[in-house]
Amino acid sequence: KKFCLDLTVSQVDRLSEKYVLIRLTDSRPLPDILPGQFVEVRIDDSPTTFLRRPISIHFLDRKANELWLLVAIIGDGTRRLARLKAGDQLNCVLPLGNGFTLPKSPAMRFLLVGGGVGVAPLLYLGSRFQAMGGVPTFLLGARSASDVLEKADFEAVGRVFVTTEDGSFGERGFVTDHSILRRERFDFIATCGPKPMMQAVAHYARQSETPCEVSLENMMACGIGACLCCVEKSVEGNVCVCKEGPVFNINRLLW
Ligand code: FES
């Protein structure tokens, strides 16, 4: 079931020039949300027009009844979001999309690979695995040390390994260069980030025969399967990422 809710901004943290963390709350308990699902937030352009933007759900804090959105400031719409202040209202349609599969057993070695703002849904996914009694392994990739987001929050949930392209933090290179992938084996992989990164992770998963799910970030407009701007080719033909995804097993994709 989907809801259209006017959520209240409870806190806004500017993490860096490029990223902002927005916490939203409501007077009623927030609906159930699966890790990997997203919200369409309403961004008012003028008093008469508005558009919606898909933002993945970074975390659901049940105790505080808060929903966290990690937003990369990349254009006009996201710049407007970054200007929100505590007490403001934000209209959200949620929860949308299918979400990641959780490993069946807490004993499974679960690897979560994120790049850039694509790390967002992995915190909530890892925390759900932690709640099952599992210890997730996060492998987070960024351009530079200042782009490594929310490291302390990830460390509270599982093991954290980092790569940066310029070598300013963690190991130098791309996530798939990290030595952890040579030292250890995993039973299940979930990944979200730039497409070339996810394709490299999918390649690693195939080679190591590890099941793998990816969360696609295709351009989206309507978010409900009506405009077809988010289409991805799959083994079953074209699929709408917003409706049938955003999470897909790599076996369904033509990668
Ligand atoms: Fe419109 Fe997916 S965003 S069909």
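The values are calculated or read from the model by the stated rules, or taken from the named source; none is laboratory data. In this text the structure is predicted, and so the values were computed from the model without any measurement. All Cβ positions, glycine included, derive from the backbone under ideal geometry; neighbour counts span all protein chains shown. For the accessible areas, the whole protein counts, side chains as well, though only heavy atoms, and no ligand, DNA or RNA atoms are used. Shrake-Rupley method; radii C 1.70, N 1.55, O 1.52, S 1.80 Å.
Can residue 100 be described as modelled with pLDDT of 95 or more, under 23 Å from residue 224 (Cα atoms) and outside any strand (DSSP E or B)?
yes
Take segment 1-41 and flag every residue that is acidic (Asp, Glu) and surrounded by fewer than 18 Cβ atoms within 10 Å (Cβ to Cβ).
Filtering segment 1-41 for residues acidic (Asp, Glu) gives 6, 13, 17, 26, 32, 40.
Answer for segment 1-41, where residues must be acidic (Asp, Glu) and surrounded by fewer than 18 Cβ atoms within 10 Å (Cβ to Cβ): 6, 13, 17, 26, 32.
Please work out which residue is nearest to the chain's Cα centre (by Cα), limiting yourself to segment 12-49 and to residues that are within 16 Å of the ligand (Cβ to nearest atom) and outside any loop (DSSP other than H, G, I, E, B).
Across segment 12-49, the extreme among qualifying residues is 38.
List the helices (runs of 4 or more DSSP H) inside segment 153-255, counting only whole elements, that have at least 1 residues being within 16 Å of the ligand (Cβ to nearest atom), open to solvent by less than 60 Å² (accessible area, probe 1.4 Å) and under 22 Å from residue 39 (Cβ atoms).
Values: elements: 180-183, 195-207, 241-244.
Because the criterion is at least 1 residues that are within 16 Å of the ligand (Cβ to nearest atom), open to solvent by less than 60 Å² (accessible area, probe 1.4 Å) and under 22 Å from residue 39 (Cβ atoms), the helices (runs of 4 or more DSSP H) in segment 153-255 that meet it are 241-244.
Which members of segment 83-101 meet the condition of being open to solvent by 50 Å² or more (accessible area, probe 1.4 Å) and in contact with a helix residue (DSSP H, G or I) (Cβ under 8 Å, 6 or more places away or on another chain)?
98
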